[in-house]
Amino acid sequence: MPMPASEIEALLKAAFPDAEVVLTPLAADDDHYRAVVTSAAFKGKTKVAQHQMVYAALQGKMGGELHALMLQTVAKD
C-alpha cells in the first residue's frame, strides 16, 4: 500500500520537531519521493548517520509502504 506525503512528513516532524521537510513526488504513485530534510539534529553527524536517523524516523516503512526515497539531509545551524 502506498504512503502519502503527509504521513511521511508527519513521521519526520515527530522525530525532528525543528525540521524543514520538502517532499517532491518522483512518480504519481505515492511510492517514490525526493526528500530534503533540514534539522539541527543532524549537526556534527556524518551523512550516513543522518540518513540512518531519517530511516529510523520512518519506523520501518522504508522498503515496504515507501518504495523509494531520494534523500538529502542538511544540518541546520
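Each reported figure results from applying straightforward, stated rules to the coordinates on display, with no laboratory input. A quick note: this is a predicted structure, and the numbers were derived from the prediction, not measured. All Cβ positions, glycine included, derive from the backbone under ideal geometry; neighbour counts span all protein chains shown.
Can you tell me the 0 to 90 degree angle between the C-alpha axis of helix 5-15 and the longest principal axis of the chain, rounded to 10? Value to nearest ten degrees: 30. Counting only DSSP beta bridges whose two residues both lie in region 5-75, roughly 40 percent are antiparallel. List the relative contact order of region 5-75 as a percent without decimals, with contacts defined as Cα pairs under 8 Å and 6+ residues apart. Relative contact order comes out at 36 percent.
Rounded to whole numbers, the Karplus 3J(HN,Hα) couplings from phi for region 57-74 are 5, 7, 6, x, 7, 5, x, x, 5, 10, 6, 9, 9, 7, 10, 10, 10, 9 Hz, using 6.51 cos²θ - 1.76 cosθ + 1.60 with θ = phi - 60°, and x at Gly and Pro. Computed over neighbours whose Cβ is under 15 Å from that of Q59, the net charge equals -1, Lys and Arg +1, Asp and Glu -1. Here the label points at L71 and K47, each 7 Å from Cα along the C-beta direction, are separated by 1.3 nm in the simple model.
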